[in-house]
Amino acid sequence: MQGFEHIEEELNAMKEEGLFRSLVPIESDQGPKVTIDGQELIQLSSNNYLGLTTHPKMKQAASEAADAYGAGTGSVRTIAGTFSMHEAFERKLAEFKHTEATLVLQSGFTANQAVLSSLLSKEDVVISDELNHASIIDGIRLTKAARKIYRHVDMASLEEALKASQSYRKRLVVTDGVFSMDGNIAPLPEIVELCEKYDALIMVDDAHASGVLGRNGRGTVDHFDLNGRVHIQVGTLSKAIGVLGGYIASTQSVRDYLIHKGRPFLFSTSHPPAVTAACSKAIDILNDEPELIEKLWNNTRFLKDGLEKLGFDTGKSETPITPVVVGDGAKAHELSDRLVKAGVFAQGIAFPTVPKDSARVRTIVTAEHDEAMLQQALDAFEEAGKDLGII
Ligand SMILES: *Cc1c(COP(=O)(O)O)cnc(C)c1O
């Protein structure tokens, strides 16, 4: 069909630069090993930190809920799509997060859009870390508030922005709890101190910290003992929780307000029963099986130490997200392709997801990997890294 020459040209340029990627369909479930194109590969690219996507109790909860309540809900939450299980889960989640209330949305992406587009107006300002997730950036694009960006985890830069923002009615500082491409943790205690000093609200997006950091995986706020001092926590149910969804954990008033003003909440259908039941079961598992988080961190140390000993640049990672930074985008994809040949699935990530000169292969271990799998991965990294002149 004619008419798309402008994008076809751009696609061709991407192909020439070696930056064009096809989607990679998985033929198995999302376990520590997956089947891709008939080949069994060690999975080092998923966000399935605790292995909950395939946990027997999760699968059972999902299928029982589908049997009892059907495949879908047939409406948005505000019209006819709130089932009692949705509200029961939100209460359970609030208790888990030690907040007054929570509200669940379709995804972490839409949770950020809902909060950032609705909570502020033109007499306010939002102050954002320059490396915040795309869903925060897009959420900020939707607000009428003024916008300021501070340099990545740079507290002097944040303080400067806060000082220059005193004339606004409200200041909202927003940060990822764990940064998704580098695996570093936001310096939340310092951010909280600055926000208290300059009378700002704080919002933390804990997508990669939910189920990973804090007691039983409560996130960065709990990890740093800052319960009660962070105004809004956003979390995802799509990563360590193993299913799908996003939530806002905050006050009852924020929940009530978002029910009336959060556009993704108002205008997009609620989660199917299987999703909500499985998410709810995941909270039980976090409470009952803390050994999963312990295993995750043991595996994290094993792979991270191994990669560093081999001489790879793993940046400033402090979490199960360990990047192997190679610089050039085409080289990152080449390394990834070599790893696949050696039985390891670790995706190359290049511009625009990361800056142009810091393309990488990003690895994420899970609680379900065993040492033999991780050693095989290290061996594959060593061989490919040497062949490509990276180490
Ligand atoms: C993945 C991610 C999201 C989006 O979460 P989904 O539930 O997948 O939509 C939001 N914020 C951050 C920091 C993330 O890493």
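Read the figures in this text as sums done on the coordinates, not as results from a lab. In this text the structure is predicted, and so the values were computed from the model without any measurement. Please note: Cβ atoms are built from the backbone with ideal geometry, for glycine as well, and neighbour counts cover all protein chains shown.
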Globularity ratio of region 222-298, using Cα Rg and 2.2 N^0.38 Å:
1.29
If you look at just the Cα atoms of the chain, how large are its Rg and its Dmax in Å?
21.3, 60
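Just to be sure I follow: if Rg is taken over the C-alpha atoms of region 48-128 and Rh is the Kirkwood radius over the same atoms, what is Rg/Rh? Each step should come with its number before you reach the end.
Values: Rg = 16.3 Å, Rh = 15.6 Å.
Ratio of gyration radius to Kirkwood radius: 1.04.
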Tell me, what ³J(HN,Hα) does each residue in region 351-364 have, in order and in whole Hz, if you take phi through Karplus 6.51 cos²θ - 1.76 cosθ + 1.60 with θ = phi - 60° and put x for Gly and Pro?
3, x, 5, 10, x, 4, 9, 10, 4, 7, 9, 9, 10, 9
Along each principal axis, Cα extent of region 56-288, largest first, Å:
56, 35, 29
Globularity ratio of region 1-152, using Cα Rg and 2.2 N^0.38 Å:
1.43
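Pairs LYS239/LYS331; LYS92/LYS304; LYS309/LYS356: which are spaced more than 30 Å apart, C-alpha to C-alpha? Display every interim value, and only then the final one.
Details: LYS239/LYS331 27 Å; LYS92/LYS304 34 Å; LYS309/LYS356 26 Å.
From LYS239/LYS331; LYS92/LYS304; LYS309/LYS356, over 30 Å: LYS92/LYS304.
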Per DSSP helix of 4 or more residues, -39500 (n - 2.57); summed, then divided by the residues of the chain. What does that give at 222 nm, rounded to the nearest 500?
-13000 deg cm²/dmol
How long, wide and thick is region 235-391, going by the Cα atoms along their three principal axes, in whole angstroms, largest first?
56, 37, 26
Sorted from fewest to most neighbouring beta carbons within 10 Å, what does the list THR353, THR363 look like?
THR353, THR363
Can you tell me the relative contact order of region 1-91? Whole percent, Cα pairs under 8 Å, sequence separation 6 or more.
12 percent
Using the charge dipole of region 1-133 (Lys, Arg: +1 at Cβ; Asp, Glu: -1 at Cβ; taken about the Cα centre), state which of ASN12, HIS133, SER84 has its Cα farthest towards the positive end.
SER84
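Kirkwood hydrodynamic radius (Cα pairs, Å) of region 189-230?
Working: mean 1/r = 0.0948 Å⁻¹.
Answer for region 189-230: a Kirkwood hydrodynamic radius of 10.5 Å.
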Please identify every one of the GluC sites (Glu not before Pro) in region 99-195 that sits in a loop by DSSP and has no more than 14 other beta carbons within 10 Å of its own beta carbon.
GLU100, GLU123, GLU130
Checking ASN216, ASN299, ASN12 against a Gaussian network model of the chain (alpha-carbon springs below 10 Å), the top fluctuating residue turns out to be ASN12
Work out, in µm²/s and without decimals, the Stokes-Einstein translational diffusion coefficient of region 303-348 at 20 °C, 1.002 mPa s, Rh from Kirkwood over C-alpha pairs.
191 µm²/s
